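Let me begin by presenting the structure, written as structure tokens, before commenting on it.
The values are calculated or read from the model by the stated rules, or taken from the named source; none is laboratory data. Only a predicted model underlies this, so the values are computations on that prediction, with no experimental measurement involved. Using ideal geometry, Cβ is built from the backbone for each residue, glycine included, and neighbour counts are taken over all protein chains shown. Calculation scope for accessible area: heavy atoms of the full protein, side chains included, ligands and nucleic acids excluded. Shrake-Rupley method; radii C 1.70, N 1.55, O 1.52, S 1.80 Å.
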Amino acid sequence: MKAVFFDRDGVLNQEVGYIHQVTNLNLMPGAAQAVRLLNDAGWFTALVSNQSGPARGFYGVAHIELLHQRLQLLLQQEAGAHLDSLSYCPYLSLSTGGTVVAQTLWSTWRKPNTGMFTATCWRYGLNPTTSFMIGDKATDVDMAHNSGLQAVLVTSGYGAQVAAGNYQHRVEPEHICADVLAAVQWILRT
């Protein structure tokens, strides 16, 4: 089955830093329509997102679950869209800022590692050779390439800074688009 993997912040919802209030999660323009296009075309849609808020002590894992419930609700309300799978990594190593003992560890799930992607593929029988990753960070592109996916960098969120080489590190995605809707339209044309 063909799949599109999405980063969350700056791709599906607006990049506003750590979202402490659930109601502050708001969709990017065109995000619901993008997911709906894939739903209608029979593609599997999956979220794979680094979420270090719990490791930094900003909020608990339950808060991320509430954010994802709101994300699904907004996708449904705006376009009748849905994500088939939602995965996230609440962990962060001590050397990169983790402070909460239970969440401070190295994890294969933290992008650019491939754990979230691999677990999703195994669980749902997805084919990585016909799948794509849409993200706004170099770590999204790296995870895609580490997993055998084609990477689409969107210039929303941190993407413009990544494309210019001013955030994280330089990457070479298969395609660069302005936003998630343009990325999905490109994917469906290829």
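Here is how the numbers come out for the structure above:
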{"quantity": "Selection count, region 41-62, where residues are under 14 Å from residue 9 (Cβ atoms) and either of a type outside the set (A, V, I, L, M, F, W, C) or in contact with a strand residue (DSSP E or B) (Cβ under 9 Å, 6 or more places away or on another chain) (or both)", "calculated": "7"}
{"quantity": "From the options 110, 56, residue that is among the basic types (Lys, Arg) and under 18 Å from residue 19 (Cα atoms)", "calculated": "56"}
{"quantity": "Residue within region 135-148 that is open to solvent by 20 Å² or more (accessible area, probe 1.4 Å) and of a type in the set (A, V, I, L, M) present", "calculated": "no"}
{"quantity": "Wholly enclosed strands (runs of 3 or more DSSP E) of region 1-107 bearing at least 1 residues within 20 Å of residue 147 (Cβ to Cβ) and open to solvent by 10 Å² or more (accessible area, probe 1.4 Å)", "calculated": "44-50, 85-89"}
{"quantity": "Of residues in region 135-154 being within 17 Å of residue 31 (Cα to Cα) and part of a strand (DSSP E or B), the one nearest to the chain's Cα centre (by Cα)", "calculated": "135"}
{"quantity": "Output for region 108-134, where each listed residue is of a type in the set (Ser, Thr, Tyr), surrounded by 15 or more Cβ atoms within 10 Å (Cβ to Cβ) and assigned to a loop (DSSP other than H, G, I, E, B)", "calculated": "114, 131"}
{"quantity": "Any hit, region 157-175, residues being at pLDDT 95 or above, within 19 Å of residue 51 (Cα to Cα), open to solvent by 10 Å² or more (accessible area, probe 1.4 Å) and charged (D, E, K, R)", "calculated": "no"}
{"quantity": "Enumeration of residues in region 110-134 that are of a type in the set (S, T, N, Q), within 22 Å of residue 162 (Cβ to Cβ) and touching a residue at least 40 places away in the same chain (Cβ under 8 Å)", "calculated": "131"}
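Here is a yes/no grid of residues against (1) under 24 Å from residue 138 (Cβ atoms); (2) of a type in the set (Ser, Thr, Tyr):
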site: 36; (1), (2): no, no
site: 41; (1), (2): no, no
site: 47; (1), (2): yes, no
site: 52; (1), (2): yes, yes
site: 56; (1), (2): yes, no
site: 61; (1), (2): no, no
site: 71; (1), (2): yes, no
site: 74; (1), (2): no, no
site: 82; (1), (2): no, no
